[in-house]
Structures are given as structure tokens and as C-alpha cells.
Amino acid sequence: MRHWIAVASAEHVERGKSLGIMQVCHGKAAPLRQISPGDRVIYYSPVSRFGGKDRLQAFTAIGTVVDTMPYQVEMSEGFRPWRRDVQWQAARETSIRPLLGRLSFAGNGANWGYRFRFGLFEIDDEDAALIATEMIANFPGQAQLARHEFHADRPDLPLFACLTYEGSSG
């Protein structure tokens, strides 16, 4: 199991969540082929609306890639983007700012956003767990997170069911 950061405006992320899909890099297939079923995807949205100037700079969705290969759809004449199916988890939008000193992929300098320019990149278990904890903790209807653990040997578990909640055995 691997963990990925995908980049899109919050508006596009919401549309993808409503359809149960992900799209990256303006619909290119190659980046989606790097992802395997069971991999975890976390969307980062630099802005709210595509082409907008507002600075959202937040993680806006988290989910698990479903057991399908990338496929192409016709959205409009001449635009046939590639997609992957994703099971999205209920989560809250989470600003990246309070996490910057703790995320290894962001570094500690002024260029923390450099990797987001690629549209899709892999992150380690610790960074994924930190982001998931922040997005899922205190979300209405979710249990309080006591600690976070990833059990890569249990890919049959639903998204982040491997997180240990207070009052449960994990």
C-alpha cells in the first residue's frame, strides 16, 4: 500500500468526490497508472476554484483507490480525461500551515510547495498518517483518534480503519 498526494482546486475535488473518482494533471493517464488498487489518496487544494487567486492551501479529500484500472471518459468534445475510482472517506478540510514543520515531504524552507507542482506524488506512511489524523479527528460522526497506525499487512481493511480510536482495539 502506498500513499499519494494529488493536487486540484477544491471545486474540482468536490466534483470528483461526488462522482467517486479522481483525476490528475488535467486528465493525463500516466500519473494514474502509478497508483494501485488499495493505495491511499489525499487531495491538496491550493485554491478553491480552478484558476482562482484565493489561497486555500488545504487538504480537501482522502480516500482509497478502488480495484479498477484508469479509464477514459468524454467530458466534452475533444476533452477525454483519464480517471480512477476512489472510495472517499468523510473528513474535514485541513489547512497545511499548522503541519508544515511536521511533514517530511514539505521540508522546512520557503519552497515547501514545490512538490505540489507535479500534480501527483508519493508520500511516506508517517506523513499520510499525520494528515489523515488531522482530517478525520473531530470530524462530526467520527470517534476521537487516540493514536495513528498503519497496518500495511491488512489491505482488506476499509480506508483508515487501521487507525486506532479511543475505546477500540484498532
Subject >> Residue satisfying condition, being under 13 Å from the mean Cα position of the chain (by Cα) and polar (S, T, N, Q), within set THR68, THR60 >> reply: THR60
**OP:** Would you kindly identify the strands (runs of 3 or more DSSP E) lying entirely within segment 1-117 that contain at least 2 residues that are more than 20 Å from ALA128 (Cα to Cα) and of a type outside the set (Val, Ile, Thr)?
**Re:** 82-88
Subject >> Counted residues, segment 18-44 - those being surrounded by fewer than 17 Cβ atoms within 10 Å (Cβ to Cβ) and among the charged types (D, E, K, R) >> reply: 2
**OP:** Name the residue, out of ARG92, ARG83, ARG49, ARG40, that is of a type in the set (D, E, K, R), touching a helix residue (DSSP H, G or I) at 6+ places or on another chain (Cβ under 7 Å) and in contact (Cβ under 8 Å) with a residue 60 or more places away in the chain.
**Re:** ARG40
Subject >> Hits in segment 95-109 - residues which are modelled with pLDDT under 95 and in contact with a Phe, Trp or Tyr (Cβ under 7 Å, 6 or more places away or on another chain) >> reply: LEU100, ALA106
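The values are calculated or read from the model by the stated rules, or taken from the named source; none is laboratory data. Predicted model, so just to flag it, every value in this text is computed and none were measured. Methodologically, a virtual Cβ is constructed for each residue, glycine included, from the backbone with ideal geometry; neighbour enumeration extends over all protein chains shown.
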